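For reference, the structure is listed below as structure tokens.
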Amino acid sequence: MRRWLLTASVVAICTASALAGYQHVRSNGDGWREIAWPFPRDAWPAGRAFRCATEACGGEVEVYVRPKIGFCNCDSGVADDDEVDRVADLDLMSERFVPLAPGGVIEVADMAGRLRSYDLRMQDGSRHTAVGIAVSKHCDLLVAVAKGRGEAGGVQRAALEFLKSIAMKKWMTAAIDGG
Amino acid sequence: MTGRLKLAKSVSVVLSTFSVILIAAGSGAHAQSEIIKSQVIGAPPEASNMKLVGSNDLQARSAYQPTIHHQGDRWIAYIGHHGGTDDIPDPVNPMTGKAEPNGTSIVDVTDPAHPKYLRHIPGQEGKYESGGAQMVRVCDGKQLPKGDKNAVYMLRTFGSEAHEIWNVADPANPSLITRIDGLKDTHKNWWECETGIAFLVSGAPDWRTRRMTQIYDLSDPAHPVKIRDFGLPGQEPGATGAVPTEVHGPISAGPQGNRVYFGYGTDKGGFVQIIDREKLLTGPKEPTPDNLRFPEISRMPMSAFNGAHTTFPMLKMPIAEFAKDKDGKERDIVMIVDEEILNECAEPRQMVWFADVTVENRPMVISSYTVPEASGAFCDRGGRFGSHSSNESMAPVYYKKMAFIAFFNAGVRALDIRDPYHPVEVGYFIPSITAATDKRCVKIDGKDRCKVAIQTNNVETDERGYIYAVDRANTGLHILELTGPARAVAGLPQ
């Protein structure tokens, strides 16, 4: 009985804590809200998806983010733009993407990696701007891809501001650290 | 460090205060009367129908590919190593007294009960997958079309940056012949000794994938001739869009079989690609999408959950069950072995698949094999649990009859594959851990939680029927033989 009560308490505390984090991200003041992960199951567990449709984001921007545990070169990390092409989940949206320019280094949630912008052509022929982000810690990757209709700089700015929010940073750190 | 261990029982009993012992149900070779939840130093190995003949600690270096070569009247084991560990980046070689980056161990296994360590050739500086010299293949000079008849050539990777060929005619005193460098992520090569054609898994700097294949004519090892670069459309330089899964390793059926079976992916998004060898070697070489597609016969996609580490062809296998059928009595089979990457079952199970590729444009998986997790509480023991690799010797003693699978903390598993539609485990051997066995950790709330378990990484066989298992967690080399009913499967004398 005592063990049952203890277990129930732990579950309740964890659930409340998780919900608090979830709701914080859902309803933050910058217009971002969490949406269902829109992609079919693939090799990696589903991540989290968010949409912002306010002017603060420069029009509609969606961000998809997830960890890929054990998918990184443990020593060199995300070393080049080809790595971003390979791992940043752009192909979830469309296999047809063309980089707009060489990428650059970035740090998200205290993890270093690279970011690159793309022209993304969807199956229906429509064109979007996408920003692929891949950062790593030891042998693990955290990838994010943002999709919008505005120019690349705007999509990138909106996505990075969101990913650098306290709630997202906390979640990404926990996702990589086995929390 | 050598030794002989005779087991009175086929199933060992480990009693330890650190072990959790449960009653298990089950049948077949994997039925164990006790479930050992953690290994302890000093406990005997766990075994069924396999026994330890001899061992060597390989200077406590993390081991990858073993290749056993019959060299004159001697049998020599060449064993590739991963890089060092955080704790010991460069283990000391007791033969030189110097700290040396992990490279290649050369061991005389003529007397398998008393293997004799001959030489360590240092590899590339670096830890884990970044250093060492993981891959080894060996060809006699007298077999290679343009080789020195007195030479024995060892092809090895040098860390991730090069391929090297050494003359190991005197295995205690090898000499470097040539080097192909400027690469990244070199890995699991294949070398046809009868032609000298080598399929070198490399990363050419301008390709978009970490690993692709460079094909060389190494018939004269002193003068390598590059034939072409090969990969999948989308991986070539200048391509855009999605990048297909990287290659892990090919196995060629040689000029007679005229096929090369490429395995892509390691633990995810895998597939098998069947290639026309002649078209690959003589077709247009410029890496355009059309030219890369030209030699392809078919691809068999696997679940996104699995990758193809090893693609071992067994062509024209007579299937007893189909003996009276007017067509399809013989089948071309490819055994696909996935590689488990993550510790403590943190990903979908990586296992073994058998594909019938007789109708090449419609290959199909026909059966699978995994070690039952509950038979050894393997998800709780620590380290990786799942398959990694198989023996790749095509010597008659086991070819198309038995396969040996390295299954990390579940040791080596012996399969009766005479009916590949219904593979059956007939034996196993899980080596004991030693003081040298390295820990394996998982992150719990940002902190490492570590356990020590055997991590049988790769396995090979020789023409005599000995089985060579090597450990990724620094436990060394274990030389095994079959016992009891497992010997009958291979037709070995009792």
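Using a probe of 1.4 angstrom and keeping all protein chains present, the accessible surface of the range B:60-392 works out to 34 square angstrom per residue.
Short to long, the 20 Å bins of the Cα pair-distance histogram for chain B hold 24, 60, 16, 0 percent of all pairs. When the Cα gyration tensor is reduced to axis lengths a ≥ b ≥ c, the ratio a/c is 1.5 or higher for the range B:416-494, and with a/b above b/c it is classed as prolate. For the range A:131-178, a decrease in accessible area of 30 Å² or greater in the assembled protein chains relative to the isolated chain, with a 1.4 Å probe, applies to A:Asp177, A:Gly178. Cross-link partners for A:Lys169 among the lysines, with Cα-Cα distance under 22 Å and sequence neighbours closer than 8 places in the same chain left out: A:Lys68, A:Lys137, A:Lys147, B:Lys443, B:Lys447.
Quick check: from the Cα gyration tensor, does the range B:342-494 come out rounded (a/c under 1.5), prolate or oblate? Spell out each step's value before the answer.
Details: a/c = 2.33, a/b = 1.42, b/c = 1.64.
In terms of gyration-tensor shape, oblate.
Nearest 100 Å² is fine: what is the total accessible surface buried where chains A and B meet, probe 1.4 Å? Working shown, then result.
Working: alone 9940 and 18500 Å², together 26770 Å².
What A and B bury together is about 1700 Å².
Under 5 Å between amide hydrogens, built in the peptide plane, is the criterion, and for B:Ser389 it picks out B:Ala406 among residues at least 5 positions away or on other chains. Aspartates and glutamates near B:Lys116 by alpha-carbon distance under 12 Å, same-chain residues fewer than 8 away left out - which ones? List returned: B:Asp57, B:Asp108.
Values of log10 I(q)/I(0) for the range B:309-402 across q = 0.16, 0.24 Å⁻¹ run -0.76, -1.20, by the Debye formula with one identical scatterer at each alpha carbon and no solvent.
Using a Förster distance of 41 Å, how high is the FRET efficiency between B:Lys98 and B:Glu286, based on the Cβ-Cβ distance and rounded to 0.05?
Taking R0 as 41 Å, the efficiency between B:Lys98 and B:Glu286 is 0.30.
Answer rounded, prolate or oblate for the range A:121-179, using the Cα gyration tensor with square roots of eigenvalues a ≥ b ≥ c: rounded when a/c is under 1.5, else prolate when a/b is larger than b/c, else oblate. Intermediate results must be reported in sequence, preceding the final value.
Numbers: a/c = 2.97, a/b = 1.89, b/c = 1.57.
Prolate, because a/c is 1.5 or more and a/b exceeds b/c.
Computed over the range B:191-257, the range of Cα coordinates on each principal axis works out to 39, 26, 14 Å, biggest value leading.
A loss of 40 Å² or more of accessible area (1.4 Å probe, protein heavy atoms, ligands and nucleic acids excluded) relative to the isolated chain is seen in these residues of the range B:407-447: B:Lys443. Each 20 Å bin from zero up to the one holding the largest Cα-Cα distance in the protein assembly as shown carries the following percent of pairs: 18, 50, 29, 4, 0. Roughly how far apart, in whole Å, are the Cα centres of the range B:194-208 and the range B:298-377? Cα centroid to Cα centroid, the span is 25 Å. Based on the Stokes-Einstein relation at 25 °C and a viscosity of 0.890 mPa s, and on the Kirkwood radius from alpha carbon pairs, the range B:151-276 is assigned a translational diffusion coefficient of 162 µm²/s. In units of the compact-protein estimate 2.2 N^0.38 Å, the range B:115-213 shows a Cα radius of gyration of 1.10. In the protein assembly as shown, the portion of solvent-accessible area held by carbon and sulfur atoms comes to 54 percent [1.4 Å probe, whole percent, DNA, RNA and ligands not counted]. Estimated from helical segments only, the mean residue ellipticity of chain B at 222 nm is -1000 deg cm²/dmol, where each DSSP H run of four or more residues counts as -39500 (n - 2.57).
Quick one: if you take sqrt(5λ) for each eigenvalue of the C-alpha gyration tensor of the range B:33-185, what semi-axes come out, biggest first, whole angstrom? Kindly include the intermediate steps, with their values, before the conclusion.
Numbers: eigenvalues 157, 90, 39 Å².
Each semi-axis is the square root of five times an eigenvalue, giving 28, 21, 14 Å.
The values are calculated or read from the model by the stated rules, or taken from the named source; none is laboratory data. Since we're looking at a predicted model, the values are computed, not measured. Here the Cβ is made from the backbone with ideal geometry for all residues, glycine too, and neighbour counts use every protein chain on show. Areas reflect the complete protein model, heavy atoms only, side chains present, ligands, DNA and RNA absent. Shrake-Rupley method; radii C 1.70, N 1.55, O 1.52, S 1.80 Å.
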